[in-house]
Amino acid sequence: MQYLHTMVRVTDLDASLRFYCDGLGLKEIRRYDSEQGRFTLVFLAAADDLDSAQKTKAPLIELTYNWDPEDYTGGRNFGHLAYRVDNLYALCSHLQDLGVTINRPPRDGHMAFVRSPDGISVELLQSGDALPPMEPWVSMPNTGTW
């Protein structure tokens, strides 16, 4: 068995690409537009997975954008996505600069949670040992659900 991808339905492709690519740093690997099916699939990979993703088409996130508006509920019913990051504090600061709410701040220097524009919960884990606790993260309360 090989993990291939996680599919996430999105309602605003541009907002989602800004979050996943500009915010989290994922790279678009390929895109498929279906005129007949009226949808777009965008496959993204983390920087450390680019070689594997280009060779084996895994591991990826598949953003599914249906051209005709639909309401999606649940968002979190599958759990969450998780990414290992080089500097948790720097990424959380970068995401805040883009207007992303840090739902579970990295108070412990190890873990944070944010949500995509479609309410998908994303866990961010510090690579290696936890960073030393520091402000403003230590004093920051949780916001919303994660």
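Derivation of every value follows stated rules applied to the coordinates shown; laboratory data play no part. Keep in mind the model is a prediction, meaning the values are calculated, not measured. Because the Cβ atoms are built from the backbone with ideal geometry, glycine has one as well, and the counts that use them run over all protein chains shown.
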Going by how many other Cβ atoms sit within 10 Å of their own, how do Ser121, Ser127 line up, fewest first?
Ser127, Ser121
How high is the relative contact order of the chain, in percent, with contacts defined as C-alpha pairs under 8 Å that are six or more residues apart?
22
Projected onto the charge dipole of region 5-66 (+1 at Lys/Arg Cβ, -1 at Asp/Glu Cβ, origin at the Cα centre), which of Ala15, Gly25, Ser52 gives the Cα projection farthest towards the positive end?
Ser52
How would you rank 40-52, 17-29, highest first, on the average number of other Cβ atoms within 10 Å across their residues?
17-29, 40-52
Expected sort for Ser16, Ser93 with the fewest Cβ neighbours (10 Å cutoff) up front is Ser93, Ser16
Quick one: angle between helix 88-97 and the longest Cα principal axis of the chain, in degrees between 0 and 90, rounded to 10, please.
70
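Would you work out if region 5-66 is rounded, prolate or oblate? Take a ≥ b ≥ c from the square roots of the eigenvalues of the alpha-carbon gyration tensor; rounded if a/c is under 1.5, else prolate when a/b is larger than b/c, oblate otherwise. Each step should come with its number before you reach the end.
On the way: a/c = 2.39, a/b = 1.35, b/c = 1.77.
Oblate, because a/c is 1.5 or more while a/b does not exceed b/c.
Explain nothing, just the number: relative contact order of region 5-66, from Cα pairs under 8 Å at least 6 residues apart, as a whole percent.
Details: 100 pairs, mean separation 27.1, N = 62.
Relative contact order for region 5-66 comes out at 44 percent.
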Cβ-derived FRET efficiency at R0 30 Å, Ser139 paired with Lys27, nearest 0.05
0.30
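Given +1 on the Cβ of Lys and Arg, -1 on the Cβ of Asp and Glu, and no further charges, what dipole in debye does the chain carry about its Cα centre, rounded to the nearest 20?
With only Lys, Arg, Asp and Glu charged at Cβ, the dipole is about 240 debye.
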